[in-house]
Structure formats: structure tokens, C-alpha cells
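Asks: Structure incoming, see below.
Derivation of every value follows stated rules applied to the coordinates shown; laboratory data play no part. The shown structure was predicted, so the numbers you read here are calculated from the model rather than taken from an experiment. Here the Cβ is made from the backbone with ideal geometry for all residues, glycine too, and neighbour counts use every protein chain on show.
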């Protein structure tokens, strides 16, 4: 059994997204059907829509920053009821049996988690994401959006929020810690807000100073241009933690030089081309270069609760379905402050 809902899909790597009717599975015993109200546009959506991270199974409905209202629950669902405010992030299932899943790190499932879109579900069908009017997800991969967070500003938290929250928590950002955020975009602006709320002293490292006023407003204590070579001299050995949010090639060694002894630089941005580093940039200072994905389900809920407590939502621009392709081009041109969110009522 299944049902159909209006959506927007990518049909090839070179065509604009267009209206589509997506088929959703019927609600199973432990499933939740969600009427999607808002869906954020993540750079990952663009990479996938354009087959930049490998061949995409077309047609595909992307979108993994989903906020909506529970419309139906299966007979064995215990966590949610009709009318609840909920979200769905980057994954909709995992094996639940491996050591990582059991530890609450479903994002690192040894067998590979099931992505919200362009992934193969348990029934063998390709998953489709949030650029649609509804979605059906097993209750264990649904998140509760707390009161105090509006659905539109909450949607990007399901990717941009948890992608930056997880490394900040893991590497103990907090009072007395010097944290730098590379890039002030969809990920970076949330990293600044979250690190500030955690009590860290926050510095933004950006190509220019054009967003300096925004960065300081969002919670940064300092703001520097990386186009100024003197920045790397003045800030040498300054930071305990650097969160690199940009999806572009950069001089990793130069940024590693900004770390204190035992400091860590964490990549959360995913550029198309490989990054490299001279080993001495790590050896001279006992520095670490790490990577981090999203968080597990429990940590994502923790992040949402933290954001509600501190009144943190994404800075957004709400658009209609007819503006999605334009929004993609604006994301690539860094012309958004700081996340596009689709009003899914415009999908038809």
C-alpha cells in the first residue's frame, strides 16, 4: 500500500528541479506520517541533485531538513501522537544492531545508515526527502521539535544545527575555550550561535569582512579576514578548536597553524576535491585534524532541546517551490543569509 503526494524532484544532473508526484509507503505499525510544513535547502541537496558525490538515482526528491506536524501514527507507535510538532534529519533508519548504533551513533552505522533521500530503504525502494508535502518515517528516527522553536527556523537545525553541535559537544566547546569558525554560511552561522551559547569565546574566520556585522550579532567575539595574510601571523597558536564549515579547498596547513598545542581542527564542510596537509603541520604542536558528520538521534534531540532553551533558530529566507532553482544558484553564489527554507504548501 502507498499514497502519492506533490513534490519537487531532480530528474538529471543537468536539468532544473521540477514538480513531481512522489509515492510514500503506507503507515506501518511503528511508522509516523508527517505533514511537512517546511524544508531547508542544504548544500548537500545540490551536490546530490547534480550527482557531484557520485551517481544519483533519478528522479529523486532531496531535502533532509524537515519540520512538520504528525498526521497519522501506526498502532504500535508510543513516542508521538497526531498533532505533535516533529522533524526529520539526514537519516531515516540504520541497522540498530552494530556497536555504533547501540552507542547512539547511528550516523556511523557500520552497515551504513539509510539516508533521507537517494538511499535504499529496507523495502528496496529509493528514499525521497523533504521537498514534498508528506513523508513516512519509523518513529525511532523522528525528532520532537520543542515549544519555543518555530517550525520554519527549526527545519535547518536538523542538518546545519546538528552538524555543528555534534563536534562542538564532542570537543568540549565551552567556557575558557577559544573556538574559531571558518566560514559564515548555513553551517557557520549555526556554529557561531551554538558555540556562543555554550560559553566559548568565538572567532569567525571568513574570506572577507563583509559579514562582520552579522557575525558579531550572531555571537562572535572576533571576526577576521583570511584574505589578509597577517591574520595567520597574528592568530598563530590561538585556538583550542576550529570548526571548518566551508565546502571549498583551502590551505589546511595554514589553518592548523592557528591551533594551540593539542588543538583540533574539525571538517564538517565537504568540498568536491581532496584536501591535503603536510605532516609537520600536525607534528609541530601535537595538533589534530578531524572530521565529523551529523549526530545520532539522541544527540540531535539534545541539540533541539538546547536550541529551544537558548532560543536559537536558523537565520532563514522562506521561499516558494517556484524559487527552488533560483535558490540553488544563490546558495552557490553565497547569496543567502543564511538558509533557504521552502514553504511546502506551495508544492501543490
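Asks: With each label point set 7 Å from Cα along the Cα-Cβ vector, what nm distance links residue 125 and residue 298?
Replies: With each label point 7 Å from Cα toward Cβ, the separation is 3.2 nm.
Asks: Contact order normalised by length for the chain, with contacts defined as Cα pairs under 8 Å and 6 or more residues apart; what percent is it? Don't skip to the answer; put the middle values down first.
Replies: Numbers: 838 pairs, mean separation 63.0, N = 348.
After rounding, I find 18 percent.
Asks: Also, quick follow-up: Rounded, prolate or oblate: which one fits segment 1-125, using the alpha carbon gyration tensor with axes a ≥ b ≥ c (rounded when a/c is under 1.5, else prolate when a/b beats b/c, else oblate)? Each step should come with its number before you reach the end.
Replies: Values: a/c = 1.80, a/b = 1.20, b/c = 1.50.
It is oblate, given that a/c is not under 1.5 and a/b is not larger than b/c.
Asks: Using the alpha-carbon centroid of each, what span in Å lies between segment 48-119 and segment 290-348?
Replies: Using only Cα atoms to place each centre, the spacing works out to 16 Å.
Asks: Using only the alpha carbons of segment 244-348, what is the convex hull's orientation-averaged projected area in square nanometres?
Replies: Numbers: hull surface 37.9 nm².
Averaged projected hull area, Cα only: 9.5 nm².
Asks: Something else about it: Using 0.36 nm times the number of residues separating residue 311 and residue 284, minus their current alpha carbon distance, what extension gain do you get? It would help to have the intermediate numbers written out before the result.
Replies: Values: separation 27, 0.36 × 27 = 9.72 nm, distance 4.04 nm.
Gain on extension, residue 311 to residue 284, equals 5.7 nm.
Asks: Continuing with this model, one more query. Taking the simple approach of a point 7 Å from Cα along Cα-to-Cβ for both residue 30 and residue 228, what is their distance in nm?
Replies: 5.5
Asks: Take every DSSP beta bridge with both residues inside the chain and express the antiparallel ones as a percent of the total, to the nearest 5.
Replies: Bridges in the chain are about 55 percent antiparallel.
Asks: With the Cα gyration tensor of segment 104-192 in hand, give its eigenvalues times 5 under a square root as the equivalent ellipsoid semi-axes, listed largest first in whole angstrom.
Replies: Values: eigenvalues 157, 60, 33 Å².
Ellipsoid half-lengths, sorted descending, are 28, 17, 13 Å.
Asks: Once both axes come from the Cα atoms, what is the angle between helix 160-170 and the longest principal axis of the chain, in degrees from 0 to 90, rounded to 10?
Replies: It is inclined by approximately 50 degrees.
Asks: Treating the angle as unsigned and between 0 and 90°, give the value, to the nearest 10°, between the Cα long axis of helix 297-309 and the longest Cα principal axis of the chain.
Replies: Between helix and principal axis, roughly 70 degrees.
Asks: Checking the a/c ratio against 1.5 first, then a/b against b/c, what shape does the Cα gyration tensor give for segment 161-291?
Replies: Details: a/c = 1.32, a/b = 1.22, b/c = 1.08.
Note, shape of segment 161-291 comes out rounded.
Asks: So for segment 84-173, averaging the separation of alpha carbon pairs under 8 Å that are six or more residues apart and normalising by length, what relative contact order in percent results? Please list the in-between numbers first.
Replies: Details: 96 pairs, mean separation 27.6, N = 90.
Here the relative contact order equals 31 percent.
Asks: Would you please classify the overall shape of segment 37-196 from the alpha carbon gyration tensor, given that a ≥ b ≥ c denote the square roots of the eigenvalues, rounded means a/c under 1.5, and beyond that prolate means a/b larger than b/c while oblate covers the rest?
Replies: rounded
Asks: Given the DSSP H assignment, sum -39500 (n - 2.57) over each helix run of at least 4 residues in the chain and divide by its residue total; what's the result at 222 nm in deg cm²/dmol, nearest 500? Write out the running numbers ahead of the final one.
Replies: On the way: 11 runs with 82 residues, N = 348.
So the helix-based figure for the chain works out to -6000 deg cm²/dmol.
Asks: A follow-up question, please. Ranking request for peptides 323-335, 52-64: highest mean number of other beta-carbon atoms within 10 Å first, then the rest in descending order.
Replies: Working: 323-335: 15.6, 52-64: 19.0.
Ranking, from highest mean packing down: 52-64, 323-335.
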